[in-house]
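Written below as structure tokens is the structure these notes are about.
The values are calculated or read from the model by the stated rules, or taken from the named source; none is laboratory data. None of the values given here were measured: they were computed from a predicted structure. Using ideal geometry, Cβ is built from the backbone for each residue, glycine included, and neighbour counts are taken over all protein chains shown. Just the protein is used for accessible areas: all its heavy atoms, side chains included, with ligands, DNA and RNA removed. Shrake-Rupley method; radii C 1.70, N 1.55, O 1.52, S 1.80 Å.
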Amino acid sequence: MRVLFIGGTGTISAACVRAAVGAGHEVSVLNRGSGRQPLPAGVREIVADIRDEDASRRAIGGQDFDVVADFLSFTPDHVETVLRLVEGRCAQYIFISSASAYDKPPRRLPVTESTPLRNPYWQYSREKIACEDMLVGAYRDRGLPVTIVRPSHTYDHKLLPTMGGWTDIARIRAGKPVVVHGDGTSLWTLTHSDDFAVAFTGLLGAPQAIGEAYTITGDHAPTWNQIYGWLAQAAGVTQPRLVHIASETIAVFRPDLGPGLVGDKAHSMVFDTAKIRALVPEFRTTVRFDEGARRILAHFDANPELQRVNPELDAAFDRMVAHADSAG
């Protein structure tokens, strides 16, 4: 099939591009040529900013595609721009939504595709819901061949999953207390991008996927204490000093962290993925985060230029810890 990825070099999309090439598809990517990750041999790069509709139209030219996979639309107006470019010129439009759109806090687990979409805490999630609403309406009204995909926390060897990123690792190695939201016992589903790509590739060109939404996550849901513990072990520290602070308190000290915590990570999130596994039976978890943590630390240790500490965030963590000590 002829597959166009809008994006194609991000954490999730780069793995999906590799998998699509491996499956024998003719793959093109449309992006600004930023080169966040190298493209596999044989992939055609179409250089344009998807936010510039005229430039994108010129870059695409008269090409048609069997599948267009949109990894770069985050608001309804983004989706409308893409549809003006590709609707009628592809047999399937795959929109990448987010599992953070599911009801928060979750009323029951596991979350399924029928779980209501509602997140009053995070604008990002509300925009994804609005995109989905528009696309479902377009499917009902005019038969738009849409498939909706909802990933949760998907990572690769370049992405640290904690709220402090490398700042957390630097604190762990320095013996400083590391802030963990809540009591650290909530369950969090982590999916390696290579595993995600297996399920995603199975959706390409699948007629039964038209008009449907799929949650794509693995079945590996460790606690946050385990996540930080595995990262510490990979960093060579056997007993990290974890300090547990309520997500709402963290949001007071760092409002930028609040929506992603209160609107997502603060809750146990476990998913029923029977729907995607019925369509793509080979999809399963092959990389657990104990292994993922080792891969991440190996990559960062091999590339010291990536080991960037955020001094403002580091100082905020110190203030949070001091506040917790004074309150305790």
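Computed quantities for the displayed model
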item	result
The range 16-43, subset open to solvent by less than 40 Å² (accessible area, probe 1.4 Å) and hydrophobic (A, V, I, L, M, F, W, C), residue farthest from residue 61 (Cα to Cα)	19
Answer from 99, 91, 69, 59 - the residue that is touching a strand residue (DSSP E or B) at 6+ places or on another chain (Cβ under 8 Å), open to solvent by 60 Å² or more (accessible area, probe 1.4 Å), touching a residue at least 24 places away in the same chain (Cβ under 8 Å) and not acidic (Asp, Glu)	91
Total residues in the range 250-273, condition open to solvent by 30 Å² or more (accessible area, probe 1.4 Å) and without any contact (Cβ under 8 Å) to a residue 24 or more places away in the chain	3
Residues satisfying the stated conditions in the range 62-97, i.e. small (Gly, Ala, Ser) and either modelled with pLDDT of 95 or more or within 23 Å of the chain's Cα centre (by Cα) (or both)	69, 73, 88, 91, 97
For residue 219: the one exception among (1) part of a helix (DSSP H, G or I); (2) open to solvent by 70 Å² or more (accessible area, probe 1.4 Å); (3) modelled with pLDDT of 95 or more	(1)
Of all residues in the range 269-317 being small (Gly, Ala, Ser) and closer than 28 Å to residue 102 by Cα, the one that is nearest to the chain's Cα centre (by Cα)	292
Residue count, the range 261-290 (criterion: touching a Phe, Trp or Tyr at 6+ places or on another chain (Cβ under 8 Å) and part of a loop (DSSP other than H, G, I, E, B))	2
Qualifying residue in the range 125-141 (condition: of a type in the set (Lys, Arg) and buried (at least 22 other Cβ atoms within 10 Å of the Cβ))	yes
In the range 19-45, the residues that are of a type in the set (A, V, I, L, M, F, W, C), assigned to a strand (DSSP E or B) and over 20 Å from the mean Cα position of the chain (by Cα)	27
Filtered residues of the range 232-248 (kept if open to solvent by less than 40 Å² (accessible area, probe 1.4 Å), more than 17 Å from residue 290 (Cβ to Cβ) and either touching a Pro at 6+ places or on another chain (Cβ under 8 Å) or of a type in the set (S, T, N, Q) (or both))	243, 247
Residue that is nearest to residue 154 (Cα to Cα) [pool: residues in the range 193-214 that are polar (S, T, N, Q) and touching a helix residue (DSSP H, G or I) at 6+ places or on another chain (Cβ under 6 Å)]	193
Those residues of the range 1-45 which are among the hydrophobic types (A, V, I, L, M, F, W, C) and free of Cβ contacts under 8 Å to residues at least 40 places away in the same chain, in sequence order	17, 21, 27, 29, 30, 39, 41, 43
Scope the range 274-305; condition without any contact (Cβ under 8 Å) to a residue 40 or more places away in the chain, more than 27 Å from residue 321 (Cβ to Cβ) and either open to solvent by less than 40 Å² (accessible area, probe 1.4 Å) or acidic (Asp, Glu) (or both); matching residues	291, 305
Qualifying residues in the range 145-171 (those that are part of a helix (DSSP H, G or I) and in contact with a Gly (Cβ under 9 Å, 6 or more places away or on another chain)) - the one least open to solvent (accessible area, probe 1.4 Å)	171
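Rundown of residues vs (1) among the aliphatic types (A, V, I, L, M); (2) within 21 Å of residue 115 (Cβ to Cβ); (3) open to solvent by less than 10 Å² (accessible area, probe 1.4 Å); (4) at pLDDT 95 or above, yes/no style:
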| position | (1), (2), (3), (4) |
| --- | --- |
| 173 | no, no, no, yes |
| 189 | no, yes, yes, yes |
| 196 | no, yes, yes, yes |
| 207 | no, no, no, yes |
| 211 | no, yes, no, yes |
| 215 | no, yes, yes, yes |
